[in-house]
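For reference, the structure is listed below as structure tokens.
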Amino acid sequence: MRSGSRSFRVRLLRRGCPLPPHAVRGRVVAGRAVPRAPYGARPLAIVGLVLVLAGCTSGGGEDEGVEARELCHGVLSPGAVRAVRVLGAEDGRYRESRDVPLAQAARTLRGNADAATSRTVVCRVSAAEDGKGDDPLLQVEFTHLGAGDEPRRAREPGQVRYGVGEVAWARDSGAFLAFRCAGGLRRGDPPMVAGSVHVPFTDRHAKLSGAARARAAMTVLHSVSRAMAARLDCRKESRIPAKPPRPLTTSDAR
């Protein structure tokens, strides 16, 4: 017990933290003798010492962010975690906001059979050191396509088509994936969910090619879309495999 208590005091002093009165016992302090605390008081003293140490080394309560694997409700596959790191923070720490839980998003998609009212952002990620007002590194959202809503198909230069779901494509600014979900939506014609990920161009992407951003965007969207299909009980119908898809061709070749 003496060696452990001594090590706590040393760690406090090395960090420039003040020692609480009960941390110095049986010594001469400020010209007077400080008696040892009674045996029964020692557990409380140890607890107080730990709290002081924790408060001194916590960085003042600053938000240090989370790791990539914790983002988007923890549903990212290992490949999607790597894709976030490709897009993201140099220190590997991120901040997430506007993260509607998948269960709540599923209820919104079921209850609103059109894109305008069903739009739900489930994952918005920024670098931990960025200001909260800055553009995010990526944002994932879902909509329930209504009768008059058509899935956006790859028709523009630079878009890369993927053989997953009903329609899937990616480009340097993001990705799109629509999948059927009759059993999960229970209403709407066609019973289609559209997922998209927006990847705003930031200084962090300056060293990435457009193709690299497109691949990363689709990898993230594939992972979150598969989790959403599972939450809606239509994973098999969605035709979103566990393995990330490979690109088929660019829209220029069509």
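Read-outs throughout are calculated quantities, based only on the coordinates presented, and are distinct from any laboratory measurement. Given the structure is predicted, the values throughout are model-derived calculations rather than measurements. Here the Cβ is made from the backbone with ideal geometry for all residues, glycine too, and neighbour counts use every protein chain on show.
Mean projection of the Cα convex hull over all viewing directions, computed for the range 68-253: 9.7 nm².
Where the centroid of each part is defined by its Cα atoms, how far is the range 139-184 from the range 205-236 in Å? If you average the Cα positions of each part, the centres end up 11 Å apart. The length gained on full extension between Thr117 and Lys236, counted as 0.36 nm times the residue separation minus their Cα-Cα distance, comes to 40.2 nm. Counting every other Cβ atom within 10 Å of each residue's Cβ, Ser126, Ser173, Ser225, Ser77 order from fewest to most as Ser173, Ser77, Ser126, Ser225. When you restrict to C-alpha pairs under 8 Å that are six or more residues apart and normalise by the size of the range 68-253, the relative contact order lands at 24 percent.
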